[in-house]
Amino acid sequence: MHRSEQPIRDTFSVTASIRPAVDAPAPNATAGTVDLTAGIRNKHGSELNELREALIGSSQRGSRHSGRRHYRMSPTSSFEDENINVTIVVETVEWGWFAAGPTPQGTCVTVSIAAHRKDSGIQAPLSLAECDAWLRALLPSPWMPHVYRCRCSPGSASSGVVSYRLFLDARYKPTPKPAEVLAEGCQPLQLH
């Protein structure tokens, strides 16, 4: 597989296998996520705006592009732990990439969030509440009801990466997952 064709979860290198604390929701996760989201927007607004503009701008530049596109936010400090860097990678790919047969036109947006210790680069745990807050800070609010959280296949390369998917139709409007698109392990996030 050519490097540009590797799944997004393979773009993060993992130097140690550490089980992240991403499976346990934070107490009162909805209220906590909103407060975290506001804090993240205040602290990292410029980096998130650049990433969002690259993602949304690509749809407005004669958006009949084909293939995969990657957008990356440079590592930045976790909101909950200054000793941890958070890296966000956004990948866009046509729906047909995931389907065995013909599909309608549309784009799948995958947002992957990983955390590593600043001093060693070793994978670090990041709470689901903080991951959800980063996602809310990045994506436009009207898109949030259509987001899915993905469970990647088991293994050290995916165990510390939290991924989300969003399906956009040919007009770049959010839509439920098309039936033709294979996305086992993706469950509706239901953050509103």
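The values are calculated or read from the model by the stated rules, or taken from the named source; none is laboratory data. Just so it is clear, the structure is predicted and the values come from calculations on it, not from any experiment. When we count neighbours, we look across all protein chains shown, and the Cβ atoms used for this are built from the backbone with ideal geometry, even at glycine. Accessible surface areas use protein heavy atoms only, side chains included; no ligands, DNA or RNA. Shrake-Rupley method; radii C 1.70, N 1.55, O 1.52, S 1.80 Å.
General observations
- Top-ranked residue of region 151-176 - restricted to ones that are at pLDDT 85 or above and part of a loop (DSSP other than H, G, I, E, B), ranked as most open to solvent (accessible area, probe 1.4 Å): ARG171
- Reported count of residues in region 81-98, each being open to solvent by less than 40 Å² (accessible area, probe 1.4 Å), in a strand (DSSP E or B) and in contact with a Gly (Cβ under 8 Å, 6 or more places away or on another chain), is 1.
- LYS177 being more than 25 Å from GLY39 (Cβ to Cβ) and of a type in the set (D, E, K, R): yes
- Residue in region 141-156 that is in contact (Cβ under 8 Å) with a residue 60 or more places away in the chain and on the phi > 0 side of the Ramachandran plot present: no
- Test: residue in region 27-41 that is touching a helix residue (DSSP H, G or I) at 6+ places or on another chain (Cβ under 6 Å), at pLDDT 90 or above, open to solvent by 20 Å² or more (accessible area, probe 1.4 Å) and closer than 23 Å to LEU128 by Cα: yes
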